[in-house]
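The values are calculated or read from the model by the stated rules, or taken from the named source; none is laboratory data. Because the structure is predicted, anything quoted here is derived from the model rather than measured. A quick note on method: Cβ atoms are made from the backbone with ideal geometry, for glycine too, and the neighbour counts reach across all protein chains shown.
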Amino acid sequence: MSESIRFRCMCPVLNCPNENLIYWEHSTCSNGSETIDTNGDVKCDQCKTKDFIMNWKYSCGTHQNGYQFPDKAKVAKVLGALVNMADNDEEALFIVKVCKRIRDRAN
């Protein structure tokens, strides 16, 4: 099983109405595609900045107040929804593992 995948999910900010699937990119990099690993760490492929998903701020351009930290319950919800959208069983198992790890680390 892969150790990381391209980071995609709906906006994890509480009360954000945007339900579109977003491939997240690091705002300070010109080509900063992000990945998420099995520990729930998000990493920019360009500058190599890496931190726990709950320590990043997100702005999808839809919610107000710019960049905001994610909501723990919404992160679980949006990542959990990805299980049904996974391209294959391996990716679905990866997402479940990430969700469990985030739950453990966020408590």
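Worth a mention:
- Candidates G66, G61 - the one that is touching a Ser or Thr at 6+ places or on another chain (Cβ under 6 Å) and of a type outside the set (S, T, N, Q): G66
- Scanning region 24-39 for residues that are over 9 Å from the mean Cα position of the chain (by Cα) and over 16 Å from F69 (Cα atoms) turns up T28, C29, S30, N31, G32, S33, D37, T38, N39.
- The single residue among K48, K57, K74 that is more than 11 Å from C99 (Cα to Cα) and surrounded by 15 or more Cβ atoms within 10 Å (Cβ to Cβ) turns out to be K74.
- Of the residues V13, V83, the single one that is in contact with a helix residue (DSSP H, G or I) (Cβ under 8 Å, 6 or more places away or on another chain) and modelled with pLDDT of 90 or more is V13.
- Residue match in region 89-105 (condition: loosely packed, with under 14 Cβ neighbours inside 10 Å, at pLDDT 85 or above, among the aliphatic types (A, V, I, L, M) and not in a loop (DSSP other than H, G, I, E, B)): yes
- Cβ-Cβ under 6 Å pairs, at least 6 apart or on other chains, region 81-107 side farther than 24 Å from N55 by Cβ, far side β-branched (V, I, T) and part of a helix (DSSP H, G or I): A92/V83
- Test: residue in region 34-42 that is in contact with an Asp or Glu (Cβ under 9 Å, 6 or more places away or on another chain), surrounded by fewer than 13 Cβ atoms within 10 Å (Cβ to Cβ) and not β-branched (V, I, T): no
- Residue that is of a type in the set (A, V, I, L, M, F, W, C), under 11 Å from the mean Cα position of the chain (by Cα) and assigned to a helix (DSSP H, G or I), where the choices are V83, V78: V78
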